[in-house]
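The values are calculated or read from the model by the stated rules, or taken from the named source; none is laboratory data. This is a predicted model, so every value here is computed, not measured. FYI the Cβ positions are ideal-geometry reconstructions off the backbone, even for glycines, and counts take in every protein chain you see.
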Amino acid sequence: MKVAFLGKGGSGKSTIAGTFARLLARTGQPVLALDSDPLPGMPYALGIEVDDSPIPDDVVVEGPDGGPRWVLAPGIDPADVIENYAAVCPDGVRYLQFGNTFGHISTIQRAQFAWSETVAGVDPKWHLVGDLPGGTRQAMFGWAKYAEHVLLVVEPTVKSLHSARRLLRLSEAEFAPKAFSVVANKVQDKADIDRISDRLERPVDAVVPLSPEILTGDRGGLAPLDADPNGAFVKAVGTLVNEVVAMYPVDTKGAK
């Protein structure tokens, strides 16, 4: 399973993505969480301290003439990157952060080329849960093309809806995913769902309610699964996990 979460910054995609990864891992599956957002929020939802160190510079070297600008150094493959640089999270999720906002722009570029090679050559035993940067730029430039299933997270606000309409165009791209789902987040009532559906001109596939408990937990540095493990937010994401899992021939018992 290869999924990617997209959406405007602040829509809650990172919180849902991290919770999705943990719940998927609870089914007994090996899950690799991939974060290419230079302003990462995914580790909070995974229940780990944020590590603002990108993939070390010496892991990535200049590519050959006529090839990619940067490549993994000789003798280093995606399995080595995971083994040496992926953090171990609760529920057994492995987490890789590619790039941040510190240092020269080349540091981010190096790490993001490492992302490309890792997702292209990763062992197929891993289920990939990717959190892409907020907005449209990287998604439209092909960063989501590794994913078989794209989940577009949108909240019922004007700016989030505007970004979501643009991101929906990925379903028409040459590298369009096999499946594309709209996840309505921070929903308070049916009017919010209708607003999203009407603006995007398509049905909403999953609904995640606005949760005061999750907001309170976030202020205290707690992941949703630690702040309110039996609450409406976690149950909604668990339903989303089960719906996505059902689309793939994998051996799971279902998220709970």
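If I filter segment 181-234 down to residues being more than 18 Å from the chain's Cα centre (by Cα), closer than 19 Å to Leu23 by Cβ and among the small types (Gly, Ala, Ser), which single residue comes out as surrounded by the fewest Cβ atoms within 10 Å (Cβ to Cβ)?
Applying the filter and picking the extreme gives Ala232.
Please specify each residue of segment 131-164 satisfying the condition of being among the small types (Gly, Ala, Ser), buried (at least 20 other Cβ atoms within 10 Å of the Cβ) and either over 19 Å from Glu174 (Cβ atoms) or modelled with pLDDT of 95 or more (or both).
Selection gives Gly134, Ser160, Ser163, Ala164.
Can you confirm whether Ala246 is within 28 Å of Ala120 (Cα to Cα), surrounded by fewer than 20 Cβ atoms within 10 Å (Cβ to Cβ) and within 17 Å of the chain's Cα centre (by Cα)?
Numbers: within 28 Å of Ala120 (Cα to Cα): yes; surrounded by fewer than 20 Cβ atoms within 10 Å (Cβ to Cβ): yes; within 17 Å of the chain's Cα centre (by Cα): no.
No.
Would you call Thr136 among the hydroxyl-bearing types (Ser, Thr, Tyr) and under 19 Å from Asp37 (Cβ atoms)?
yes
Looking at (1) modelled with pLDDT of 95 or more; (2) surrounded by 14 or more Cβ atoms within 10 Å (Cβ to Cβ), which one does Ala176 not meet, given that it meets all the others?
Failing condition for Ala176: (1).
Could you grab the pairs with beta carbons closer than 8 Å, sequence gap of 6+ or different chains, first residue in segment 31-44 and surrounded by fewer than 22 Cβ atoms within 10 Å (Cβ to Cβ), second one among the aliphatic types (A, V, I, L, M) and modelled with pLDDT under 90?
Here the result reads Pro38/Ile108; Tyr44/Val50, each pair linking segment 31-44 to a residue that is among the aliphatic types (A, V, I, L, M) and modelled with pLDDT under 90.
Looking at segment 152-161, can you tell me whether even one residue there is aliphatic (A, V, I, L, M), over 11 Å from the mean Cα position of the chain (by Cα) and closer than 26 Å to Arg26 by Cα?
Checked against the condition, which is being aliphatic (A, V, I, L, M), over 11 Å from the mean Cα position of the chain (by Cα) and closer than 26 Å to Arg26 by Cα, segment 152-161 yields at least one hit.
Does segment 55-97 hold any residues that are surrounded by 13 or more Cβ atoms within 10 Å (Cβ to Cβ), under 22 Å from Gly221 (Cα atoms) and either modelled with pLDDT under 90 or aliphatic (A, V, I, L, M) (or both), and which are they?
Residues satisfying the conditions are Ala86, Ala87, Val93, Leu96, Gln97.
In segment 45-91, how many residues are in a helix (DSSP H, G or I) and of a type in the set (D, E, K, R)?
So the count comes out to 5.
Could you give me the residue pairs with C-beta distances under 6 Å whose first residue belongs to segment 216-229 and is within 22 Å of Arg26 (Cα to Cα), whose second residue is of a type in the set (Lys, Arg) and modelled with pLDDT of 95 or more wherever it lies, and which are 6+ apart or on separate chains?
Leu225/Arg22
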